[in-house]
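Below is one structure, written out as structure tokens, with a few remarks after it.
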Amino acid sequence: MVKDAHEGRLTTLRKKKEKGQETAKTKEANQGAADAKAGDDEERVLPGILNDTLRFGMFLQDLIFMISEEGAVAYDPAANECYCASLSTQIPKNHVSLVTKENQIFVAGGLFYNEDNKEDPMSAYFLQFDHLDSEWLGMPPLPSPRCLFGLGEALNAIYVVGGRELKDSEDSLDSVLCYDRLSFKWGESDPLPYAVYGHTVLSHMDLVYVIGGKGKDRWSSFEAFPQERSSLSLVSLAGTLYALGGFATLETESGELVPTELNDIWRFNQDEKKWEGVLREIAYAAGATFLPVRLNVLRLTKM
């Protein structure tokens, strides 16, 4: 069969008849009907050399990766199932996550104190997720600890953009740190034209985009958004846009309006141009960051 395939000839599938136990009298009575339905009862069978069993690498799925200080959970919106990726408590509460074009997952943030470094003991955590062992690997720490920064990647480098200093002054930063994934070293890149924090960083076609954020400039009021919600997370997974979590001002039983964290999931219907609810609540979304990833579900534990 392999030789025929190399020569461009299609393989003719052999046929297998259904097996059954019948008496001689029954065979004689149903001989005519059996001959008429012989073609329908025959089954086309692939040659034994072919294996149609799914192999290990064929279990890759497009998942939404939720990372929090309590662990990492992967959600499959197509099958509406959750998988436990890691229960590690190494993830700092205040962190920023990133997935590269090569499907490598990184987390940066928090505050790390190194007693051996007398000159500058303060740094931030920098971790990478190991797909094979479902563990977080410690990478060279972020030399300049900060919060409310952004992560981007381009040309084998990861960029830490802007943010606020974790010092008493809490100054806004325009500096950009660069991590070389080939040499495993941190360096500095060209600074931003202005100091900014709380912004969004997007990587596209080896370019890093910085959008929004806060600085010394101030925004003016404009038309209100149809739905009141802040800190909403958006994820583009397999060509579909998902909105997760965020905060909304809800009324309590006493009539008081208080900010409330929501843990729901919405999906944008491109054909009808509207948002559709997927899940009213998913517990693992509380305080998590979200990434569109592709993981092997055989290495994960279904929840």
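The values are calculated or read from the model by the stated rules, or taken from the named source; none is laboratory data. From a predicted model like this one, the values you see are computed outputs, not experimental measurements. Counting neighbours? That spans all protein chains shown, and the Cβs are built from the backbone with ideal geometry, glycine included.
A residue that is buried (at least 20 other Cβ atoms within 10 Å of the Cβ), farther than 28 Å from Ala85 by Cβ and modelled with pLDDT of 90 or more occurs somewhere in the range 158-170.
Looking across the range 100-120, the residues that are under 19 Å from Ser144 (Cβ atoms) and either surrounded by 15 or more Cβ atoms within 10 Å (Cβ to Cβ) or among the aliphatic types (A, V, I, L, M) (or both) come down to Phe106, Val107, Ala108, Gly109, Gly110, Leu111, Phe112. For the range 249-290, the candidate set comprises residues that are aliphatic (A, V, I, L, M) and more than 24 Å from the chain's Cα centre (by Cα); within that set, the residue that is nearest to Lys93 (Cα to Cα) is Val258. Counting only strands (runs of 3 or more DSSP E) that sit wholly inside the range 55-154, those with at least 1 residues that are among the β-branched types (Val, Ile, Thr), in contact (Cβ under 8 Å) with a residue 24 or more places away in the chain and under 18 Å from Thr289 (Cα atoms) are 60-68, 71-76, 95-99, 105-113.
Give the residues of the range 72-85 that are surrounded by 18 or more Cβ atoms within 10 Å (Cβ to Cβ) and closer than 18 Å to Asn263 by Cα, sorted by residue number. Passing the criteria: Ala72, Val73, Ala74, Tyr75, Asp76, Pro77, Cys82, Tyr83. Does Gly277 fit the bill of being farther than 25 Å from Phe129 by Cβ, of a type outside the set (S, T, N, Q), at pLDDT below 85 and not in a strand (DSSP E or B)? When the stated conditions are applied, Gly277 does not pass them. Of all residues in the range 187-201, those that are free of Cβ contacts under 8 Å to residues at least 60 places away in the same chain and farther than 11 Å from Ser172 by Cα have Cβ atoms under 8 Å from Cβ atoms of residues that are crowded, with 17+ Cβ neighbours inside 10 Å and of a type in the set (Phe, Trp, Tyr), 6 or more apart or on another chain, in Gly187/Tyr179; Ser189/Tyr159; Val201/Tyr159.
In the set (1) hydroxyl-bearing (Ser, Thr, Tyr); (2) in contact with a Phe, Trp or Tyr (Cβ under 9 Å, 6 or more places away or on another chain); (3) buried (at least 18 other Cβ atoms within 10 Å of the Cβ), the condition left unmet by Ser88 is number (3). When the range 233-268 is filtered for residues that are in contact (Cβ under 8 Å) with a residue 40 or more places away in the chain, part of a loop (DSSP other than H, G, I, E, B) and surrounded by fewer than 13 Cβ atoms within 10 Å (Cβ to Cβ), only Ala238 remains. Scanning the range 280-297 for residues that are touching a residue at least 40 places away in the same chain (Cβ under 8 Å), part of a loop (DSSP other than H, G, I, E, B) and either surrounded by fewer than 16 Cβ atoms within 10 Å (Cβ to Cβ) or on the phi > 0 side of the Ramachandran plot (or both) yields Ala286, Gly287.
Within the range 291-303, restricting attention to residues that are of a type in the set (A, V, I, L, M, F, W, C) and within 21 Å of Glu69 (Cβ to Cβ), the residue that is farthest from the chain's Cα centre (by Cα) is Met303.
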